[in-house]
Amino acid sequence: MNSNNSSNKTNQTPLPSGGAGGGLLGAGGGLLVFCTNNAHKLSEIRAILGEQFEVLSLKDIGCDVDIPETGTTLEENALLKARYVWDHYHLPCFADDTGLEVDALDGAPGVYSARYAAVRYAATMSQPTEQPTEQPASHDSEANMSQLLQDLGENNNRHARFRTVIALITEKKICPCGCNSIKQEQLFEGIIEGEITRERSGAEGFGYDPIFRPDGYDKTFAELGTDIKNKISHRARATQKLCEKLKIEN
């Protein structure tokens, strides 16, 4: 990654709400950067947070870097993305990482949920007896669901959970007059329990939504629709904790 290029983009990109340093987080709300260009995630987060906070994407601040997710945990990946934006743009920001954890697969796909089919393909092709097949693309939801259903097979233990971790980085004043401050990092977690269905069902949502049925419901996330999902999901629960913290501090 070329940090000089990123710094130049920061200076050239006009920022809403007065720009960097202009009271980005204040009483009653403010501006936050969500470290993603995933349109589904962005829409979901904006709907959950409402109009109290102005949520920008990476594209909105002129960042077109595909920030590597090289961590081995959801917490590490969320912090990696948030730290990159803070270090290069010095804006209050948050990043998330989400994993689907299936009990019968020892918690897989977990941190590799978004690229599960590609990861499984690489592991399979490392075996000398395997014949080459077409490699799945990373972040291919259809391939990921197919791989997961194949790995589970007829196993009757379908219990699983979605887990989201949000990393928030803001500036904390350490002097009453505001003349001195430090970077503050905080983590928020949201979990929803459920089960993996045996086939896809529903057309809304994204990712594994067509094969995840949350506890207490007889429909998958994809069947329930965004209105219900945004009230009960793992991301909604993590975001609610984030929102409560921001309201307390601002």
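The values are calculated or read from the model by the stated rules, or taken from the named source; none is laboratory data. Model, not experiment: these values are computed from the prediction. Ideal geometry is used to build each Cβ from the backbone, glycine not excepted, and the neighbour counts take in all protein chains shown. All accessible areas refer to the heavy atoms of the entire protein, side chains included, with ligands and DNA or RNA removed. Shrake-Rupley method; radii C 1.70, N 1.55, O 1.52, S 1.80 Å.
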Tally of residues being in a loop (DSSP other than H, G, I, E, B) and more than 30 Å from GLN186 (Cβ to Cβ) across region 136-149: 3
For THR36, are the conditions met, namely being surrounded by fewer than 16 Cβ atoms within 10 Å (Cβ to Cβ) and hydroxyl-bearing (Ser, Thr, Tyr)? no
Pick out, from region 150-250, the helices (runs of 4 or more DSSP H) lying fully within it that include 3 or more residues that are open to solvent by 60 Å² or more (accessible area, probe 1.4 Å) and among the charged types (D, E, K, R). 234-249
Residues located in region 90-110, provided they are touching a Ser or Thr at 6+ places or on another chain (Cβ under 6 Å) and open to solvent by 10 Å² or more (accessible area, probe 1.4 Å): PRO92, THR98
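Provide a single number: the residues in region 185-208 that are basic (Lys, Arg) and within 17 Å of ALA95 (Cβ to Cβ). It would help to see each step written out before you state the result.
Let us first name the residues in region 185-208 that are basic (Lys, Arg), namely 198, 200.
This time we only want the ones that are within 17 Å of ALA95 (Cβ to Cβ), so: none.
Summing the residues that are basic (Lys, Arg) and within 17 Å of ALA95 (Cβ to Cβ) in region 185-208 gives 0.
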All but one of (1) at pLDDT 95 or above; (2) touching a Leu at 6+ places or on another chain (Cβ under 7 Å); (3) part of a strand (DSSP E or B); (4) charged (D, E, K, R) hold for GLU75; state the number of the condition that does not hold. (3)
Which pairs have Cβ atoms under 9 Å, sit 6 or more apart or on different chains, and link a residue in region 86-115 that is in contact (Cβ under 8 Å) with a residue 60 or more places away in the chain and closer than 15 Å to GLY71 by Cα to one that is among the acidic types (Asp, Glu) and open to solvent by 30 Å² or more (accessible area, probe 1.4 Å)? ASP97/GLU69; ASP97/GLU75; ASP97/GLU76; SER113/GLU101; ALA114/GLU69
GLN184 - would you say it is of a type in the set (S, T, N, Q) and over 15 Å from the mean Cα position of the chain (by Cα)? yes
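How many residues are of a type in the set (A, V, I, L, M) and either surrounded by fewer than 19 Cβ atoms within 10 Å (Cβ to Cβ) or over 22 Å from ILE232 (Cα atoms) (or both) when one looks only at region 39-54?
Within region 39-54, the subset of a type in the set (A, V, I, L, M) is 39, 42, 45, 47-49.
Still in the running and either surrounded by fewer than 19 Cβ atoms within 10 Å (Cβ to Cβ) or over 22 Å from ILE232 (Cα atoms) (or both): 39, 42, 47.
So the count comes out to 3.
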Among the hydrophobic types (A, V, I, L, M, F, W, C) and closer than 13 Å to THR164 by Cβ: which single residue out of VAL65, VAL111, VAL85, VAL102 fits that description? VAL111
